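The block underneath contains the structure these notes are about, expressed in structure tokens.
The values are calculated or read from the model by the stated rules, or taken from the named source; none is laboratory data. All values derive from a computational prediction rather than experimental measurement. When we count neighbours, we look across all protein chains shown, and the Cβ atoms used for this are built from the backbone with ideal geometry, even at glycine. Protein only, heavy atoms only, side chains kept; ligands, DNA and RNA dropped before computing areas. Shrake-Rupley method; radii C 1.70, N 1.55, O 1.52, S 1.80 Å.
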Amino acid sequence: MVDNAVAPGLVDTPWFDGVDGADAAKAHVAGVVPLRRVGRAEDIAGAVHDLAHSSYITGEVLLVDGGGHLLG
């Protein structure tokens, strides 16, 4: 079996509190990604949970970025 990975996009976490430009970065991402918002911790946790509990997925990188990867 080969390992899997999760590649998150911008996720709104307390890490951003007080960081200069964080609000502008979040607004920009929310304005351009297809789902029109930044990620939440629950979004990433759900993807990790589902990937970890799959018995037939292997060697994958799961992009959890609100569709940002589609922007090319």
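So the values come out like this:
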{"read-out": "Given (1) exposed (fewer than 12 other Cβ atoms within 10 Å of the Cβ); (2) not in a helix (DSSP H, G or I), index of the condition residue 35 fails", "value": "(1)"}
{"read-out": "Residue ID - nearest to residue 9 (Cα to Cα), chosen from residues in segment 41-52 that are exposed (fewer than 13 other Cβ atoms within 10 Å of the Cβ) and modelled with pLDDT of 95 or more", "value": "41"}
{"read-out": "Subset of segment 1-24 [outside any loop (DSSP other than H, G, I, E, B), of a type in the set (A, V, I, L, M) and open to solvent by 50 Å² or more (accessible area, probe 1.4 Å)]", "value": "24"}
{"read-out": "Selection within segment 53-72 - in contact with a strand residue (DSSP E or B) (Cβ under 7 Å, 6 or more places away or on another chain), open to solvent by less than 80 Å² (accessible area, probe 1.4 Å) and hydrophobic (A, V, I, L, M, F, W, C)", "value": "62, 64"}
{"read-out": "Residues located in segment 38-72, provided they are touching a residue at least 24 places away in the same chain (Cβ under 8 Å), over 24 Å from residue 3 (Cβ atoms) and over 11 Å from the mean Cα position of the chain (by Cα)", "value": "70, 71"}
